[in-house]
1. So, R0 is 60 Å and r is the distance between the beta-carbons of residue B:246 and residue A:80; what FRET efficiency does that work out to, to 0.05?
2. What shape does region B:209-296 have by the C-alpha gyration tensor, where a ≥ b ≥ c are the square roots of the eigenvalues, rounded means a/c under 1.5, and otherwise prolate means a/b greater than b/c and oblate the rest?
3. In deg cm²/dmol and to the nearest 500, what is the mean residue ellipticity at 222 nm of the protein assembly as shown if only DSSP H runs of at least 4 residues count, each as -39500 (n - 2.57), divided by the residue total?
4. Take every Cα pair under 8 Å in chain A that's 6+ residues apart, average their separations, divide by the length, and report that relative contact order as a whole percent.
5. Which log10 I(q)/I(0) values, to two decimals, does the protein assembly as shown give at q = 0.10 Å⁻¹ under the Debye formula with one point per Cα?
6. Below 8 Å, C-alpha to C-alpha, sequence gap of six or more: please give me the relative contact order for region B:278-360 in percent.
7. On a full-extension model of 0.36 nm per residue, what is the gain between residue B:210 and residue B:5, subtracting their alpha-carbon distance, rounded to one decimal in nm?
8. On a 0 to 90° scale, report how tilted helix A:159-171 is relative to the longest principal axis of chain A, with both axes built from alpha carbons and the result rounded to the nearest 10.
């Protein structure tokens, strides 16, 4: 396999708070190939967004700090780059789209101002050329009358339209990697589908790799080649969409899938939830972090932290009992 | 926009009307009479009778009110006895007329600009500055008292026409207030911004502590301390008189010679600064502390906003993130604070003006209150009221300039 576009190794990002050190991301390793679409799934506070922010180096000291790790992007270690070179990477080579389009755009500048700002920053073009690129990108994200909306302010746009603008802003400089941090969470369902399809299409056209962060399994299902599931600061399972959805190996993934509404299966009367709450990231439980919420936990789960290993089924999983459990055969909520 | 301003002005006039009625009634029923001092002297009996008749004090209060109200809005002739040419180039100086021209131009331009659709950045900046231009010009006009006068009556203390007293004192008050405001803004706003971008640094902590100390010190302590340290001790140590503690100018001011066009000469300007510094600093110290606190808070809020994260993720350098994206948003809340400060500045700084012997509106006001000189009291109250109403409208217009979400149609 060719060198990966993004290679994250043993990333640890900690936040110091008054209660203690929060280990938001605790030893995460993964690779993203050029043009790949990778989904990162997990519940709130599992470290998905912090992983993304760490890649962009948007974690602000002194509160948060990348303690150890390596983030290789296109042959360079981003964590070793001086700030000025990192600024060229941000927006130019790695672009990011955020969760809430209502607040992600600066309310006092026009859409055109904000788009052209990015283009002028990363591309060696004149103002009028930048304007042209901006208008073209706006038409690419299917904003009607793109030339006219350049002078409009964000508050004149709906949420879906603003997220289109954010996508346009992200893609305007042809980045190699697009990080989308819950891009559709704040939108209503019909808009969600439109935005996801749009992103899918544009990323494919431009051969942009996408790292899609979401808590919505439905969104990743239709969008991603590979999926990694995060829990309490680390990756618990990683595999192709097929493997994760049809043959989950980790009890947490299995539980998440059981909590999902599905149109093709109607036998379940009510949805299940994964019982309990995520553990404290300041003093994580001994052994497996999912242990206290797991229906299958045994003594070893309470003693040793499982590491991510190749399972018999093909995907990687961090569970002591993955090989003995046949989760596929079980209905969620019985255990 | 135009309709909006007109509507706000109409509301403002209603407010002022209500204000005048309330204050007039309060004065009438607070006891005492402007003639009480004369009553102590038995030989003043005929004068008292005459003044009671002349000022209408024997009539019921509502009749007095309506007489006052009618006069208050009635123009009287201003007689430039020396003729127009002398007024233009002599007594009042050519700059008054330049100011009138500038004011009319800027006012017309400001109104026009709000109907224009151009959105270029320089245009917006220019528009914002044109509003400041209108105010500077208005200040000059007020100072020269050349436009017209209203029949605001005669002071009960024998000081002459209230209109002349108020606008004479207003010029002095503006000199003090605007200087103080400028110092407070120039130091306070950048201080707050710097504190916010270096949150919890040593500088930030020191700034916070000093702001709280200054903000909670009464102004008469600050004023007297400044007099003591910067005037008294400084003169003793250096042997040179650097700052003065009383008055607006030295006694030999006119002998220092005039400059071009009747403007003050450099020596006169120096004298003015020596007198102005200490009172201006005392007022500025407290507003500065307030502004820096507000600016810090609003800047911090913006610094943690999503759109600032977007700006960072775009790869913008920190400098332009702060200057372009954070600052403009963070200035919006400060506009209200500063505009209200300007409104109350019209009422003068009673305490500071008393400490530093500054002949401004504040001293006029406090003197008028103790003598129950109601024509003067009413005039000052109405001036403050008009200031608050106008500054509120201007603040709302400025919001629209700074924040496109707030545009009035």
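1. Step by step, r from the Cβ atoms, then E = 0.40.
2. On the way: a/c = 3.17, a/b = 1.71, b/c = 1.85.
It is oblate, given that a/c is not under 1.5 and a/b is not larger than b/c.
3. Values: 28 runs with 381 residues, N = 744.
The per-residue figure over the protein assembly as shown is -16500 deg cm²/dmol.
4. Relative contact order comes out at 19 percent.
5. For the protein assembly as shown at q = 0.10 Å⁻¹, log10 I(q)/I(0) is -1.05.
6. Normalised by residue count, the contact order of region B:278-360 is 36 percent.
7. Full extension from residue B:210 to residue B:5 adds 69.8 nm.
8. In chain A, helix A:159-171 runs at an angle near 80 degrees to the longest axis.
Where a number appears in this text, it was derived from the coordinates with a stated rule and is not lab data. Small disclaimer: the values here were computed from a predicted structure and weren't measured. Here Cβ is always computed from backbone atoms with ideal geometry, including for glycine, and neighbour counts include all displayed protein chains.
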